[in-house]
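The values are calculated or read from the model by the stated rules, or taken from the named source; none is laboratory data. Nothing here was measured: the structure is a model prediction, and the numbers come from that model. With ideal geometry, Cβ positions are generated from the backbone for all residues, glycine too; neighbour counts draw on all protein chains shown. The accessibility values were calculated without ligands, DNA or RNA, using every heavy atom of the protein model including side chains. Shrake-Rupley method; radii C 1.70, N 1.55, O 1.52, S 1.80 Å.
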Amino acid sequence: LPRSIANKYVLAASKRCYRWLAVGSVTCEKTKATKKIMANTEGIIACSSIIEHREPEDRPDSTSSDEGLSSRQIEAIQSSWGLVEASIDLQTVGIILFKRLFQMSPQMTALFPKFCDVPQDKLEENEEFRFHAKQVVETVALAVSILDDIPELVCALEDLGRVHSHLKVEGHHFKAVGEALVWTMQQGLGDKLTSSTQEAWINFYGIVTDRMYVGLRDARALANQAEAEDQDESATGEACACSTSESAQTISSDDD
């Protein structure tokens, strides 16, 4: 779709319920890998915070290079992730990641009402927590798998940011997840995670944070625009109604 038409479609959807996932991508055609990432997001959102319209926030601090990732960095990320998958299952990676995240940022537990009241030492026993943790790490795995196609990855990440736009999620939350992910990689790989590989992961998640923020920001800006248009339409309708009523009264008086 042309961007102008697609944006109108998004605006119409935002007026109904801010469910960007139902609208889908408006920036590019989804490939098989991108569709998998977006499908995974349905499960992630199911465990996340309640729907809430939010204002765009300031852009989070960037940790990525303007030049993106080098071929050597991409190779380092994919090979190190392969070591993780070969030595530990994704479920366990997700559990370690989120337990670390909640240790770093306890306030973030409030974003997950389905398990926000579960004590830290009981999280591993909670099925909702286990499901969400695995879904997030599977999404990371899918993103790593398409690192060779940066335009596709950027498109997928911006869409992923869009579908978070109706939740109580802000840009700095994405960054916190990235920091927890790098820490998890350190625990899983130990000495095998060289300084250059760690730097590659930091740059990679900087790109993830930046592009998801762009999608989040743009979706909320469109929602704000739609809300403003609704208010204008409502005000115009009320003004027309008042004008019609006054005209009717004037005609009635003239007839008398």
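Brief remarks on what is shown
- Matching residues, the range 160-215, being of a type in the set (D, E, K, R) and outside any loop (DSSP other than H, G, I, E, B): R162, K175, E179, D191, K192, E199, D210, R211
- Screening L147 on (1) surrounded by fewer than 19 Cβ atoms within 10 Å (Cβ to Cβ); (2) closer than 30 Å to S71 by Cα shows it passes everything except condition (1).
- Count of residues meeting criterion [in contact (Cβ under 8 Å) with a residue 60 or more places away in the chain and either over 30 Å from I146 (Cα atoms) or surrounded by fewer than 13 Cβ atoms within 10 Å (Cβ to Cβ) (or both)] in the range 81-103: 1
- Residue in the range 189-198 that is open to solvent by 20 Å² or more (accessible area, probe 1.4 Å), among the acidic types (D, E) and at pLDDT 90 or above present: yes
- Residue check for Q135: open to solvent by 30 Å² or more (accessible area, probe 1.4 Å) and within 15 Å of F98 (Cα to Cα): no
- Contact map, the range 139-158: first residue in contact (Cβ under 8 Å) with a residue 12 or more places away in the chain and part of a loop (DSSP other than H, G, I, E, B), second residue crowded, with 19+ Cβ neighbours inside 10 Å and of a type in the set (A, V, I, L, M, F, W, C), Cβ cut-off under 8 Å, separation 6 or more or different chains; pairs are I146/L153; I146/A156; L147/L69; L147/I77; L147/L153; L147/F204.
- The lone exception for V118 - which of (1) open to solvent by less than 70 Å² (accessible area, probe 1.4 Å); (2) in contact (Cβ under 8 Å) with a residue 24 or more places away in the chain it fails: (2)
- Annotation for the range 147-167: no member residue is closer than 17 Å to S80 by Cα and modelled with pLDDT of 95 or more.
- Restricting A156, A223 to those that are touching a Ser or Thr at 6+ places or on another chain (Cβ under 7 Å), over 26 Å from E75 (Cβ atoms), of a type in the set (A, V, I, L, M, F, W, C) and crowded, with 18+ Cβ neighbours inside 10 Å reduces the list to A223.
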